[in-house]
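Undergrad: Would you mind keeping the following structure in view while I ask a few things?
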Amino acid sequence: MLFTNLFQSLGLPYAWAWGLSQVISIVIFDVTLLVMIAYFLLADRKIFAAVQMRRGPNVVGAFGLLQSFADLGKYLIKEVIIPSGANKVIFMLAPLVTSTLAFAAWAVVPLDNGLVIANINVGILYLFAVSSLGVYGIIMAGWASNSKYPFLSACRAAAQMISYEVSIGFVIVTVLLFAGSLNLSDIVRAQAHGWYAFSILAPMAVIFFVSAIAETNRPPFDLVEAESELVAGYFVEYSSTPFLLFYLGEFLNIVLMSALLSILFFGGWLPPLDIAPFTYVPGIIWMLLKIVFFFFCFAMVRAFVPRYRYDQLMRLGWKVFLPISLLWVVVAAGWIMIFHHGGM
């Protein structure tokens, strides 16, 4: 609204003012997000190094703070190599699909009260749609590479992501039953009297966290990139900027899952206690602190949990998480019916 009012004061019609304000807001948001991702990537490497008792990146810039930007320059100037037998059009489209969908998902994520690109009433459905399409980028990369290792990895990824999307779907249904809205901002406001993580939905927060690790192909569920079996997975034939786009899409999704965990179960931008001095801190700071904390949890799991076998991964999704999350939908619905309210 700030940019819209500014452009209207300059004499532009409302449609033009609104359109320009949206473009400027999206550019600012995406640039800020990219800078954040650069430091999340550095933090991931530093945490992994600390667990292994080594230094990690520490040469480029003070404490290695410019390492991610140096890597960006390296990826941009390296040669793009396309295998001779690959389907060149689909081969190059795959990383674009992955990174574009990863950016698009952030459009409905509120960082503070009113601070969201698209405050739509069906934000959860939008995220379901975008996340379901995300697997296409991996499938396209695996098939277009014309190599057995990327193809096997893409098959694994499709099965893995679809399996854990089912559990995540039922987990979110339990949250929607309590919040009574598909709007992410309304879900946060519904937790004003208590975060869902400290209610009967606590087991759902755990299932969502573990399922998010599997959904983003992070260790210990990185079976699509198991280097001992599939070399480097679906992007083994990629180099330079296309590989960077895959890597960027993966980290965007990891931080997105950290944000969703904060919004769905830990009150989003709301402070832990509705008293001073907690209320003096801006909501966006609380939101960012929660995202950083959950990203740290993702990074620590990557550092010290050994990789699962593929049969263990699928068994966990279908025989453990699916029945529990389905049961908890019934429990949550019964709780609401008995107590005649959608709160705690």
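The values are calculated or read from the model by the stated rules, or taken from the named source; none is laboratory data. Here the structure is a predicted model, which is why all the values come from computation and not from measurement. Quick reminder, even Gly has a Cβ in these numbers, built from the backbone with ideal geometry, and neighbours come from all protein chains shown.
Undergrad: Just to be sure before I move on: is Ala17 touching a Ser or Thr at 6+ places or on another chain (Cβ under 6 Å), part of a helix (DSSP H, G or I) and modelled with pLDDT of 85 or more in the structure I sent?
TA: So Ala17 fails the test.
Undergrad: Give segment 308-323 a look and list any residue that's surrounded by fewer than 17 Cβ atoms within 10 Å (Cβ to Cβ) and not hydroxyl-bearing (Ser, Thr, Tyr), or say none. Lay out the reasoning, then the answer.
TA: First, the residues of segment 308-323 that are surrounded by fewer than 17 Cβ atoms within 10 Å (Cβ to Cβ): 309-312, 315, 318-320, 323.
Those that are surrounded by fewer than 17 Cβ atoms within 10 Å (Cβ to Cβ) and not hydroxyl-bearing (Ser, Thr, Tyr): Arg309, Asp311, Gln312, Arg315, Trp318, Lys319, Val320, Pro323.
Undergrad: I'd like the residue in segment 44-72 that is assigned to a helix (DSSP H, G or I) and among the β-branched types (Val, Ile, Thr) and, out of all such residues, is nearest to Val255 (Cα to Cα). If you could, list the steps in order and put the result at the bottom.
TA: Initially, segment 44-72 is screened for residues assigned to a helix (DSSP H, G or I), giving 44-51, 62-64, 67-72.
This time we only want the ones that are among the β-branched types (Val, Ile, Thr), so: 47, 51.
Details: Ile47: 16, Val51: 21 Å.
Result: Ile47.
Undergrad: Across segment 30-83, what is the number of residues that are over 25 Å from Ala259 (Cβ atoms) and either hydroxyl-bearing (Ser, Thr, Tyr) or in contact with a strand residue (DSSP E or B) (Cβ under 9 Å, 6 or more places away or on another chain) (or both)?
TA: 1
Undergrad: Can you tell me which residue in segment 273-304 is surrounded by the most Cβ atoms within 10 Å (Cβ to Cβ), limited to those that are in contact (Cβ under 8 Å) with a residue 40 or more places away in the chain and charged (D, E, K, R)?
TA: By that ranking, first place goes to Arg302.
Undergrad: Just to be sure before I move on: is Val281 modelled with pLDDT under 90, in the same structural domain as Ile200 (by TED's automatic domain parsing) and touching a Pro at 6+ places or on another chain (Cβ under 8 Å) in the structure I sent?
TA: Judged against the criteria, Val281 is a match.
Undergrad: Does Ile77 satisfy being surrounded by fewer than 16 Cβ atoms within 10 Å (Cβ to Cβ), β-branched (Val, Ile, Thr) and under 25 Å from Ala157 (Cβ atoms)?
TA: Numbers: surrounded by fewer than 16 Cβ atoms within 10 Å (Cβ to Cβ): yes; β-branched (Val, Ile, Thr): yes; under 25 Å from Ala157 (Cβ atoms): no.
No.
Undergrad: Within the group Ala70, Ala49, Ala102, Ala86, which residue is at negative phi and at pLDDT below 85?
TA: None of the other options fit; the residue is Ala86.
So that you can scan it fast, the table gives a plain yes or no per residue for (1) surrounded by fewer than 17 Cβ atoms within 10 Å (Cβ to Cβ); (2) of a type in the set (A, V, I, L, M); (3) in the same structural domain as Phe321 (by TED's automatic domain parsing):
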position	(1), (2), (3)
Leu111	no, yes, yes
Ala118	yes, yes, yes
Asn121	yes, no, yes
Ser132	yes, no, yes
Tyr136	yes, no, yes
Ala154	no, yes, yes
Gln160	no, no, yes
